[in-house]
Amino acid sequence: MSDTLDTMLRAALKEAKMWLDNFVVPRLCPVCGEPLQGHLGELCFKCLAALPVCHARGPELIENRAALSNMPFGTGIVAAWFNYDPADPYAGLIRSAKYHDRPILARHCGALFARELLQRGAAGSLISPSDIDVLLPMPMFFAKQLKRGYNQSREIALGMAGVLGIPVGDNLVAVRPHGSQTRLSYNERAANIHGCYRCRHPEELERLNVAIVDDVITTGASMGEAISALAWGRAKPSTVSVLALGATVKGS
Ligand SMILES: [Zn+2]
């Protein structure tokens, strides 16, 4: 069999399998709920085109701005892909990636976010993502990760890494579990998450430009704790960036 015929046969079999998978368990767009065709990715074109892109950037995305400004390292990029509102259908992107066993959605969204960052960087509206040396996913306590099967922030980081060509590090770790952050105020969240994260092998981060990657920033309490963990761990990166798929922009 020629290579061309073999490639065509494999492609046809793959297409048939995707069609069959969709027929047996149709994949749905996490935003509008419409069935997805196999070649459309993880959300439909219509919802992707109407994404409420987050144009806000900088420390205002984090309620506790001191989390970045009082640190012994510079502030890099602080950006999110879209404006997150729990009552908006686009919140379905985060919910599906976290709770509906769709790590591939998290990875796909990470890749899309990275492409958008590259465009923003090329347009001169943002520091270029090429200035980042390593992506550090927001850590998840191992028992929770065992239960869920994956850490969605790591999946997002892996999706970004594939586009940006930046490695994903494991220097941030969760050393204890914490209760749900939902329905808590900023101060309650900060107390709930306090002491949960540690930085291991801080020497690996010396003089690097690191970016902490998370699924969503609401009050920024978790992000503030992760940034603090770098400082407490005596890590000495040059800059720390904050990248999240979604962010609640105050007043939006
Ligand atoms: Zn849709």
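The values are calculated or read from the model by the stated rules, or taken from the named source; none is laboratory data. All of these numbers come straight from a predicted model, not from anything done at the bench. No Cβ is skipped: glycine too gets one built from the backbone with ideal geometry, and neighbour counts run over all protein chains shown.
Got at least one residue in segment 62-70 being exposed (fewer than 15 other Cβ atoms within 10 Å of the Cβ), of a type outside the set (Val, Ile, Thr), at pLDDT 70 or above and not assigned by TED's automatic domain parsing to the domain that holds Leu117? It would help to see each step written out before you state the result.
As a first pass, look at segment 62-70 and keep what is exposed (fewer than 15 other Cβ atoms within 10 Å of the Cβ): 66, 69-70.
Add one more test, that the residue is of a type outside the set (Val, Ile, Thr), and what stays is 66, 69-70.
When the remaining residues are screened for being at pLDDT 70 or above, the result is 70.
Checking the rest, the ones that are also not assigned by TED's automatic domain parsing to the domain that holds Leu117 come to none.
No, segment 62-70 contains no residue that is exposed (fewer than 15 other Cβ atoms within 10 Å of the Cβ), of a type outside the set (Val, Ile, Thr), at pLDDT 70 or above and not assigned by TED's automatic domain parsing to the domain that holds Leu117.
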Qualifying positions in segment 32-61 - at pLDDT 80 or above, within 12 Å of the ligand (Cβ to nearest atom) and either touching a Leu at 6+ places or on another chain (Cβ under 8 Å) or outside any loop (DSSP other than H, G, I, E, B) (or both): Glu34, Pro35, Leu36, Glu42, Leu43, Cys44, Phe45, Lys46, Cys47, Leu48, Ala49
Restricting to segment 135-149, what's the tally of residues that are surrounded by fewer than 19 Cβ atoms within 10 Å (Cβ to Cβ) and touching a residue at least 60 places away in the same chain (Cβ under 8 Å)? 0
Number of positions in segment 197-252 that are assigned to a strand (DSSP E or B) and of a type in the set (A, V, I, L, M, F, W, C): 13
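In segment 107-133, which residues are in a loop (DSSP other than H, G, I, E, B) and under 24 Å from Leu205 (Cα atoms)?
Of all residues in segment 107-133, those in a loop (DSSP other than H, G, I, E, B) come to 123-128, 132-133.
Within segment 107-133, Leu126, Ile127, Ser128, Ile132, Asp133 qualify.
Rundown of residues vs (1) touching an Asp or Glu at 6+ places or on another chain (Cβ under 7 Å); (2) in the same structural domain as Ser222 (by TED's automatic domain parsing); (3) among the polar types (S, T, N, Q); (4) part of a helix (DSSP H, G or I), yes/no style:
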residue	(1), (2), (3), (4)
Leu93	no, yes, no, yes
Leu105	yes, yes, no, yes
Leu135	no, yes, no, no
Leu146	no, yes, no, yes
Glu155	no, yes, no, yes
Ala161	no, yes, no, yes
Arg176	no, yes, no, no
If a residue has to be surrounded by fewer than 17 Cβ atoms within 10 Å (Cβ to Cβ) and among the aromatic types (Phe, Trp, Tyr) to count, how many in segment 171-204 make the cut? 1
Restricting attention to segment 159-175, and to residues there that are touching a residue at least 24 places away in the same chain (Cβ under 8 Å) and out of contact with any strand residue (DSSP E or B) (no Cβ under 9 Å at 6 or more places or on another chain), which single residue is nearest to Ala221 (Cα to Cα)? Gly159
Subset of segment 81-101, residues hydroxyl-bearing (Ser, Thr, Tyr) and surrounded by 19 or more Cβ atoms within 10 Å (Cβ to Cβ), comes to Tyr84, Tyr90, Ser96
